[in-house]
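Asks: Please find one structure pasted underneath; my questions will follow.
The values are calculated or read from the model by the stated rules, or taken from the named source; none is laboratory data. Here the structure is a predicted model, which means the values were calculated and not measured. All Cβ positions, glycine included, derive from the backbone under ideal geometry; neighbour counts span all protein chains shown.
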Ligand code: 13P
Ligand code: SF4
C-alpha cells in the first residue's frame, strides 16, 4: 500500500473491514494519537457526531489555535484545514479528502486578485476566511461571517476597503455598516442557488415559520429573511427563538445539530432553483466517516505548506483573532 503524501485521488483508497465499528475505532485512534477532530456544521451527521468540536469558521479557527492535541483532524474543506496549519506549524493537520475545496475560495485566483489590489493601493484588504492562503497573504485582516461587522467597524470610517472574495457577504456588510467597500466578484455555489420564488411559496405555506439565512445568500433572499447570521448564530437563534418552525437558507448539514438541540421544532431546508429539495455543498460532502477513519489511521492526507506563505498568511488571521478577542466575540 502506498501511504506517501502523493495520493493520486486526494484520499486513501483502502478497503475497510465492514464489521468494524468506525465510531469506536475513531474514538480509539483519538486517544492513541492525541488527536482532535474539528468539524464544520456542513459535514455529514456521522462526522459531526464523532467530532470533539463542531462550529462555524471563527469557532473552528479559535479551537485550532488553542488545542493541545498533537494531530488536528479537520473535517471541513481545504481552506479551513489550511487555516489550522497556518496557526499550528508544528502540528500535523489532516484533511480526510484533499479534494474538498470551495467554490468561493476558487473564485479568487491570487494572480488576478493581486492586480486588482495593486490598482487600489490606498485600500486595506479584508478577506473572508473562505479563501486560499495566497489570498490571505495579500490581505490585511481576515474575517468570518460572525465577526465581519466588528472587524469593519474597528477601522476608521473614511478608510477605503477592498472586501474579498464574497460579493454577497460584501454587499450585505456594505448595507449594515454604511461603507462603500470595493467588492471582489466571487460567490458560493451553495448559497447562490436558493430560489426566492420557492422560498416565498414555502413562507406562504408556513406563515409562522422564521426564515433564517446565511449572509452568503443573494440580497433578494436576505431581504425576506427574519434573521441573518453565521452557522453558529443561526443555530443559536433556532434555540432561543420561540418559533416552532424554521426555513433554513444555508447548507443542509446544519439541520442535524438544529434538530438535535431542538427535537420538538421543525426545520425546513430552503430549496434551490433546481430539482433538489435541499442544498448540499459537494465539497464538504466529499468527507465521509470511512475517509475520516483511514486518514486518522494512516495520518494522511496531510496539509503541507510553504513556510514563507504560512507566515505571510498568519498575520491577517492573528489580526482577526486579536480584534475578535477585544470585541468579546471569542475568549
Ligand atoms: P460559517 O460557518 O463561518 O458561517 O461559514 C459558512 C461557510 O460557508 C463555510 O464554508
Ligand atoms: Fe465553499 Fe460554499 Fe461549500 Fe462553504 S458552502 S465550503 S463557501 S462552496
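Asks: From the list 196, 182, 155, 211, pick out the single residue that is touching a strand residue (DSSP E or B) at 6+ places or on another chain (Cβ under 6 Å) and surrounded by fewer than 19 Cβ atoms within 10 Å (Cβ to Cβ).
Replies: Answer to the selection: 182.
Asks: Among 10, 59, which is the only one that is closer than 30 Å to residue 316 by Cβ and assigned to a loop (DSSP other than H, G, I, E, B)?
Replies: The unique qualifying residue is 10.
Asks: So for region 251-262 (the condition being surrounded by fewer than 21 Cβ atoms within 10 Å (Cβ to Cβ), under 23 Å from the mean Cα position of the chain (by Cα), modelled with pLDDT of 95 or more and under 16 Å from residue 207 (Cα atoms)), does at least one residue qualify?
Replies: no
Asks: Would you mention how many residues in region 37-84 are surrounded by fewer than 24 Cβ atoms within 10 Å (Cβ to Cβ), more than 14 Å from residue 96 (Cβ to Cβ) and in contact with a strand residue (DSSP E or B) (Cβ under 6 Å, 6 or more places away or on another chain)?
Replies: Residues in region 37-84 being surrounded by fewer than 24 Cβ atoms within 10 Å (Cβ to Cβ), more than 14 Å from residue 96 (Cβ to Cβ) and in contact with a strand residue (DSSP E or B) (Cβ under 6 Å, 6 or more places away or on another chain): 5 in total.
Asks: So residue 268 passes all but one of these: (1) farther than 21 Å from residue 151 by Cβ; (2) in a loop (DSSP other than H, G, I, E, B). Which condition number does it fail?
Replies: Unmet condition: (2).
Asks: How about region 108-151: which of its residues are touching a residue at least 60 places away in the same chain (Cβ under 8 Å), assigned to a loop (DSSP other than H, G, I, E, B) and surrounded by 20 or more Cβ atoms within 10 Å (Cβ to Cβ)?
Replies: Within region 108-151, 108, 129, 130, 139, 144, 145, 146, 147 qualify.
Asks: Being farther than 21 Å from residue 164 by Cβ and out of contact with any strand residue (DSSP E or B) (no Cβ under 6 Å at 6 or more places or on another chain) is the filter here, so list the residues in region 214-223 that pass it.
Replies: Of everything in region 214-223, those that are farther than 21 Å from residue 164 by Cβ and out of contact with any strand residue (DSSP E or B) (no Cβ under 6 Å at 6 or more places or on another chain) turn out to be 220, 223.
Asks: Can you name the residue in region 86-102 that is touching a strand residue (DSSP E or B) at 6+ places or on another chain (Cβ under 7 Å) and crowded, with 23+ Cβ neighbours inside 10 Å and is also farthest from residue 48 (Cα to Cα) among such residues?
Replies: Only one residue fits best here, namely 93.
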